[in-house]
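Report on the structure given below.
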Amino acid sequence: MTKPTHIDQINGFTRGALLDDLRPYPEEIRFALNRMNGSSFWAWSLWRAPEGADLLESIPFSDEYMQCAGTAEALTIEVRYLDPDGTPHQYTIGRPDGDLSGEPTEVIHWDDGRYSTTVYPNEVFTADEAAVIFYTYFLTDKVAQPYTLREIDMSVPESEER
């Protein structure tokens with residue numbers, strides 16, 4: 001087992017150090033993503049722990065991360081980066097050469113159907129496909145080529161600002 005460097009989180013609540021004591025990191029990531037069923041396990045996030053953090057003592061959050069939601073058969077992946085001035089940008093990850101004309105058509109449901117998002121067909125992944133993207137992020141803190149990023153408007157609509 002190597003010293004943990006990353007934190008993972010399930011369903012936005014349960015978080016801990018990502019460990020390689022049962023299986024190597026690429027297999028651990030694939031194992032976790034393949035357990036996503038849209039009901040009891042519907043979201044998974046990953047981020048690098050701060051340098052020197054003792055993950056046995058505390059599990060810090062990060063403003064930069066990769067996350068996914070859905071099921072092992074159909075999930076959407078997002079990544080969040082900060083500009084040097086601290087401005088956050090969130091992106092949906094897609095395969096290259098996707099047709100982004102018109103409105104998105106693929107609906108991804110999670111949390112027993114209580115929540116959903118609509119993405120383009122090239123932005124829907126299986127758990128095995130997502131595992132490759134997450135492992136590259138684990139190694140580099142980046143989304144590798146040939147994947148594309150579509151920025152998400154995270155502003156709150158006027159009707160919801162109250």
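The values are calculated or read from the model by the stated rules, or taken from the named source; none is laboratory data. All of these numbers come straight from a predicted model, not from anything done at the bench. Cβ placement follows ideal geometry from the backbone for every residue including glycine, while neighbour counts extend to all protein chains displayed. These area figures cover heavy atoms from the full protein model, side chains too; ligands, DNA and RNA do not enter into them. Shrake-Rupley method; radii C 1.70, N 1.55, O 1.52, S 1.80 Å.
Quick check: net charge around Ile133, other residues with Cβ under 13 Å of its Cβ, Lys/Arg +1 and Asp/Glu -1?
Working: positive: Arg30, Arg95, Lys142; negative: Glu78, Glu123, Asp128, Glu129, Asp141.
Value of the local net charge: -2.
Tell me, what is the 1.4 Å probe accessible area of Ser62, in Å² to the nearest 10?
We get 40 Å² for Ser62.
Quick check: Cα centre of the range 89-125 to Cα centre of the range 134-157, how many Å?
Comparing the Cα centres of the range 89-125 and the range 134-157, I get a distance of 13 Å.
Working with all protein chains in place, sort Trp110, Trp47 by solvent-accessible area computed with a 1.4 Å probe, largest first. Walk me through the numbers before you get to the answer.
Working: Trp110 45, Trp47 10 Å².
Reading off the accessible areas and sorting them downward yields Trp110, Trp47.
Could you order Arg30, Arg23, Arg114, Arg35 by accessible surface area, starting with the largest, using a probe radius of 1.4 Å? Intermediate results must be reported in sequence, preceding the final value.
On the way: Arg30 85, Arg23 60, Arg114 155, Arg35 120 Å².
I get Arg114, Arg35, Arg30, Arg23, largest accessible area first.
Give the accessible area for Glu78 in Å² (nearest 10); use a 1.4 Å probe, count only protein heavy atoms, and leave out ligands, DNA and RNA.
40 Å²
If you roll a 1.4 angstrom probe over the protein chains with everything in place, what fraction of the accessible area of the chain belongs to carbon and sulfur, to the nearest %? Write down the numbers at each step before the final one.
Details: 4760 of 9420 Å².
The C+S portion of the solvent-accessible surface of the chain is 51 percent.
Report Met154's accessible area, 1.4 Å probe, all protein chains in place, as a number in Å² to the nearest 10.
That residue has around 120 Å² of solvent-accessible surface.
Once you list every other residue whose beta carbon is under 15 Å from the beta carbon of Leu82, what net charge do they have if Lys and Arg are +1 and Asp and Glu are -1?
Details: positive: Arg48, Arg80, Lys142; negative: Asp63, Glu64, Glu78, Asp83, Asp85, Asp141, Glu151.
Computed value for this residue: -4.
Keeping all protein chains in place, calculate the accessible area per residue for the range 1-128 (probe 1.4 angstrom), answer in Å².
Working: 6900 Å² over 128 residues.
Heavy-atom SASA per residue in the range 1-128 reads 54 Å².
How would Tyr120, Tyr91, Tyr115 rank on accessible area, largest to smallest, probe 1.4 Å?
Tyr115, Tyr91, Tyr120
Under the definition of Cα pairs under 8 Å and six or more residues apart, what whole-number percent is the relative contact order of the chain? Intermediate results must be reported in sequence, preceding the final value.
Details: 305 pairs, mean separation 35.2, N = 162.
Across the chain, relative contact order equals 22 percent.
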